[in-house]
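Notes follow the structure.
The values are calculated or read from the model by the stated rules, or taken from the named source; none is laboratory data. Everything numeric here is computed off the predicted structure, so don't read it as measured data. Here the Cβ positions follow ideal geometry from the backbone for every residue, glycine too, while neighbour counts run over all protein chains shown.
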Amino acid sequence: MNEPLCDNHPQIKICGLTRPEEAAACAAAGANAIGLVFYPPSPRNVTETQARRICDALGPRTATVGVFVNESLDTILEKARRCRLSAVQLHGQEPPELGAQLADAGLAVIRGLYLHGDPPVSAMERYPATAYLVECGGGKLPGGNARTWDWGAARAWAARRPVVIAGGLDPDNVARAIAEAGPAAVDVSSGVEQAPGSKDIRKVTRFIQAVRGCPRSERSGPIFTCNPS
């Protein structure tokens, strides 16, 4: 069993898990974080029951990140408590103050920003967060929509704040994306799937192996922390 990647590599979040056994396999392969999507229009949406089962299948060294789109503070806090989430990812047009409120409640906050979308990456300073997930935007659903893009466009932002890059990543291009962007972490979903919500663990393993050979930005610190006890 592999340990989660050490601090001299970019951290890895495998997002859009729907099955406990696949989440456990991703963690065993070395993923730092598992992403759970709480957004009904997504094919990777999970119920609270599914999310709790997934979290129960993970050890204490793997972070659990709930992905939300335009939900209220109360809804996010309640799901975080019931599902034992260690972090939340805001992926809609949530107001800046929501991130501060979630941080005050003890949650790590990943703020989604877009090169071509709302909220824009140029507004990073307005959004309190532990880290910023940067992707291109422009798809029909919030998220990367499996589109590759100019990852190097995120490099200037990654030099200033902890940045997670996402969108179009897969085992064959993640090393290039890291070299171009210099992120603190990478986030992948469809690039390691055999079907929406179903991960191909061989692809996950190849993805993680590719990241192991990539140095991490000296400006970034750990983003994903372990589950609350």
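Only a single criterion out of (1) at pLDDT 95 or above; (2) out of contact with any strand residue (DSSP E or B) (no Cβ under 8 Å at 6 or more places or on another chain) is not satisfied by residue 204, namely (2). Scan 108, 131, 63 and give me the residue that is of a type in the set (A, V, I, L, M), in contact (Cβ under 8 Å) with a residue 60 or more places away in the chain and farther than 22 Å from residue 190 by Cβ. Matching residue, one of 108, 131, 63: 108. Considering (1) closer than 21 Å to residue 210 by Cβ; (2) surrounded by 22 or more Cβ atoms within 10 Å (Cβ to Cβ), the lone condition that residue 25 does not fulfil carries the number (2).
For the stretch 74-101, a residue qualifies if it is within 14 Å of residue 35 (Cβ to Cβ) and among the charged types (D, E, K, R), and exactly one does: 79.
Annotation note: of 87, 51, the sole residue that is under 24 Å from residue 124 (Cα atoms) and modelled with pLDDT of 95 or more is 87.
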